[in-house]
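The structure under discussion appears below in the form of structure tokens.
The values are calculated or read from the model by the stated rules, or taken from the named source; none is laboratory data. The structure presented is a predicted model; accordingly, all values stated were derived computationally and were not measured. Don't worry about glycine lacking a Cβ; one is built from the backbone with ideal geometry, like all the others, and counts go over all protein chains shown.
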Amino acid sequence: MIAQKLALDGRFPDSECSIRKGELVWIGFLQPSSLSAKYKIRIQYRLGQKPRIKALEPELEKPEGRSLPHVYRGDYLCVFTPWNNEWRPDLRIADTIVPWTSEWLLHYEFWLVTGNWHGGGTHPDRNYSDTRN
Amino acid sequence: MSTTSELNSWLRNIADSLDLPPEVMASAEKKYTQLHKWLSRDHDEKYNSDAAVYVQGSIMLGTAIQPEKQNDEVDVDLVYRRDIQRTSISQQELKDQVGEQLRDYLVHLKRHGLKPPTLIEGKRCWTLDYPERFHMDILPALPDDEAAKHNTRNLEDAILITDKERREWHHSNPKGYNSWFRDQMRVMFAEKRAMMAKKAEVEVEDIPEHTVRTPLQRAVQLLKRHRDLRYLGNPDDKPISIIITTLAAHAYRNESDVYEALSGIVDRMPGYIEKREDEYWVENPINPEENFADKWKDEPQRKERFFQWLDQVNDDLDEALNQQGRGMQKVAATLTEAFGAEPVRSAGNNLAEETRIQREKGLLKMGAGGVLGATGSNVKAHGFHGS
């Protein structure tokens, strides 16, 4: 956990990262392109669980009542395929989850423009909400 | 990536989708080849002189755009030049003789079981209206025997054309204009063509000239589309393409980026409109006697509309820039106002695909603040999950 925090602090000096009661909470800003909005992102992580990613601000748009693509219940962002070993606890959140989140945000904005999701990925049951590895 | 280079990507992709659709082009080319072949043979059978048939207008310039409305037609402009003296034929005779040939052509098509287009006579040309979404305007012409008087360049390409409303032959030189237009972007054209050749790993000569688009051509396409949208209800009032194209070509400063080219052009365009006494002039760059804005004198509202429209382009470009940092969807909404929903959606789809492919190739990087692009550290392979 400390290593995760150090990597996040090192790569994103303007963000906040704390570890309390075994939970790492990172709050930082991501702007996936210079035209894009700057999103306030929260990443929560406990050992043995998958990181949970939420866009806090600005509120994500859902045009015409459509639901967001590639999110878990509660609009937590799905940035990796759970069974593909893409995310492992030995990987740095700073080098994986954060850039994937930025990419998610970019494709989210493209989705708002085109109505299509171009980021690739899988489409499981919408109710899938397991947060463990 | 800087903001303007991202706007450049959007504008380049929007202009891409304004190009005439390949299937329409292919169909038009087939019809053109058919007509060209028949007309050449018919000419040789009927007359003892030489002739030339060639494409002119926006297709030759590489600035043609799709019509805004689904049922509007693409127009292909042709010159049919008969190499005879002006003293040997009257305007009326030339026009009638070409009309006669085209009627024979329709009979020929019918005889071969092909559905003929409709033949319509216009002020200066004959139109073949095809059931597919395009028509061909055929301009009967003679070589201009006084070319040097009316042309500053490409004298051998100068032509005389008929005009039902004028007693005098009208001087024209579409090839000369094309060569002037291409001179204005010569350097960037060579650069783009070389880049395309390098990317395709072929010789420069293997890249057909008509497949190359410079930022000047892109800017003209975007300006024409912007105008078409503004004047959807009253197409007769819209600023004419030849004025837009001429001023844009004058104002182009060899920019390599479509956004930079377009905003620079829009700023500088008015500087190329002259005021001669009480008359506004947009001089034909190859024929100093011709004023493309000759109608502005008697219909001053045309001048007003031109400047109003140009202001609107400026405002829309500024607005797109102002939306930076507020979300691509905001920028796209402004661009949709300016250029229409379909090209913007198509541009979004292309750009998003490019980003995904970059990442899959391991070429997508993330820089400071989360900005994705060609710099920073690599974005590792992964798949988005969830419905």
Hey, could you check the range B:320-344 for residues that are more than 15 Å from residue B:229 (Cβ to Cβ) and among the charged types (D, E, K, R) and say which is surrounded by the most Cβ atoms within 10 Å (Cβ to Cβ)? B:330
When you go through B:15, B:28, B:51 one by one, which is the residue that is in contact with a His (Cβ under 6 Å, 6 or more places away or on another chain) and either touching a residue at least 24 places away in the same chain (Cβ under 8 Å) or over 30 Å from residue B:257 (Cα atoms) (or both)? B:51
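Of the residues B:155, B:78, only one is in contact with a strand residue (DSSP E or B) (Cβ under 7 Å, 6 or more places away or on another chain) and either surrounded by 15 or more Cβ atoms within 10 Å (Cβ to Cβ) or small (Gly, Ala, Ser) (or both); which?
Working: B:155 fails: in contact with a strand residue (DSSP E or B) (Cβ under 7 Å, 6 or more places away or on another chain).
One residue alone meets the criteria, B:78.
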Select from the range B:358-387 the residues that are assigned to a loop (DSSP other than H, G, I, E, B) and either within 18 Å of residue B:9 (Cα to Cα) or among the hydroxyl-bearing types (Ser, Thr, Tyr) (or both) and list them in ascending order. B:363, B:364, B:371, B:374, B:375, B:387
Within 8 Å of chain A (Cβ to nearest Cβ), closer than 26 Å to residue A:68 by Cα, crowded, with 16+ Cβ neighbours inside 10 Å and touching a residue at least 24 places away in the same chain (Cβ under 8 Å) - does that describe any residue in the range B:373-387? yes
Of all residues in the range A:105-120, count the ones that are surrounded by 23 or more Cβ atoms within 10 Å (Cβ to Cβ), at the interface with chain B (Cβ under 7 Å from one of its Cβ atoms) and either of a type in the set (A, V, I, L, M) or touching a Cys at 6+ places or on another chain (Cβ under 8 Å) (or both). 2
Sort out which residues of the range A:33-56 are modelled with pLDDT of 95 or more, among the polar types (S, T, N, Q) and crowded, with 18+ Cβ neighbours inside 10 Å, and write them in order of number. A:36
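Does any residue of the range B:243-250 turn out to be in a loop (DSSP other than H, G, I, E, B) and touching a residue at least 24 places away in the same chain (Cβ under 8 Å)? Reasoning before the result, please.
Of the range B:243-250, the ones in a loop (DSSP other than H, G, I, E, B) are none.
No, that holds for no residue.
When you check residue B:276 against the structure, is it more than 30 Å from residue A:8 (Cβ to Cβ), modelled with pLDDT under 95, surrounded by 19 or more Cβ atoms within 10 Å (Cβ to Cβ) and away from chain A (no Cβ under 12 Å), yes or no?
Values: more than 30 Å from residue A:8 (Cβ to Cβ): yes; modelled with pLDDT under 95: yes; surrounded by 19 or more Cβ atoms within 10 Å (Cβ to Cβ): no; away from chain A (no Cβ under 12 Å): yes.
For residue B:276, the condition - more than 30 Å from residue A:8 (Cβ to Cβ), modelled with pLDDT under 95, surrounded by 19 or more Cβ atoms within 10 Å (Cβ to Cβ) and away from chain A (no Cβ under 12 Å) - is not met.
Do we have residue B:113 as at positive phi and of a type outside the set (A, V, I, L, M) here?
yes
Scan B:15, B:64 and give me the residue that is touching a Pro at 6+ places or on another chain (Cβ under 9 Å) and buried (at least 20 other Cβ atoms within 10 Å of the Cβ). Please lay out each step first, then the result.
Values: B:64 fails: touching a Pro at 6+ places or on another chain (Cβ under 9 Å).
Result: B:15 is the single residue among B:15, B:64 that is touching a Pro at 6+ places or on another chain (Cβ under 9 Å) and buried (at least 20 other Cβ atoms within 10 Å of the Cβ).
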Checking residue A:73 against (1) of a type in the set (D, E, K, R); (2) farther than 30 Å from residue B:318 by Cα; (3) modelled with pLDDT of 95 or more, which test does it fail? (3)
Selection from the range A:1-32 of residues that are surrounded by fewer than 18 Cβ atoms within 10 Å (Cβ to Cβ) and under 29 Å from residue B:320 (Cα atoms): A:14, A:29
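Of the residues that sit in the range B:232-242 and are under 20 Å from the mean Cα position of the chain (by Cα) and in a loop (DSSP other than H, G, I, E, B), which one is surrounded by the fewest Cβ atoms within 10 Å (Cβ to Cβ)?
Applying the first criterion (under 20 Å from the mean Cα position of the chain (by Cα)) to the range B:232-242 yields B:232, B:235-242.
Going one step further and asking which of them are in a loop (DSSP other than H, G, I, E, B), we end up with B:232, B:238-240.
Details: B:232: 12, B:238: 18, B:239: 22, B:240: 15.
The selected residue is B:232.
For the condition surrounded by fewer than 18 Cβ atoms within 10 Å (Cβ to Cβ) and in contact (Cβ under 8 Å) with a residue 12 or more places away in the chain, what is the one hit in B:139, B:119, B:35, B:128?
Details: B:139 fails: surrounded by fewer than 18 Cβ atoms within 10 Å (Cβ to Cβ); B:35 fails: surrounded by fewer than 18 Cβ atoms within 10 Å (Cβ to Cβ); B:128 fails: surrounded by fewer than 18 Cβ atoms within 10 Å (Cβ to Cβ).
The conditions single out B:119.
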Residues of the range A:62-80 satisfying the condition of being surrounded by fewer than 18 Cβ atoms within 10 Å (Cβ to Cβ) and either at the interface with another protein chain (Cβ under 7 Å from one of its Cβ atoms) or more than 19 Å from residue A:36 (Cβ to Cβ) (or both): A:64, A:65, A:66, A:67, A:73, A:74
Of all residues being aliphatic (A, V, I, L, M) and more than 9 Å from every other protein chain (Cβ to nearest Cβ) in the range B:338-367, which is farthest from residue A:75 (Cα to Cα)? Just the residue, please. B:338
Note: among A:86, A:59, just one is part of a loop (DSSP other than H, G, I, E, B), at negative phi and exposed (fewer than 14 other Cβ atoms within 10 Å of the Cβ), namely A:59
Hits in the range B:272-302 (condition: within 22 Å of the chain's Cα centre (by Cα) and farther than 22 Å from residue B:174 by Cβ): B:273, B:302
Only one of (1) more than 24 Å from residue B:328 (Cα to Cα); (2) in contact (Cβ under 8 Å) with a residue 12 or more places away in the chain; (3) within 11 Å of chain B (Cβ to nearest Cβ); (4) more than 14 Å from the chain's Cα centre (by Cα) fails for residue A:13. Which number is that? (2)
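Yes or no, residue by residue, for (1) part of a loop (DSSP other than H, G, I, E, B); (2) in contact (Cβ under 8 Å) with a residue 40 or more places away in the chain; (3) basic (Lys, Arg):
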residue	(1), (2), (3)
A:7	no, yes, no
A:29	no, no, no
A:42	no, no, yes
A:45	no, yes, no
A:69	yes, yes, no
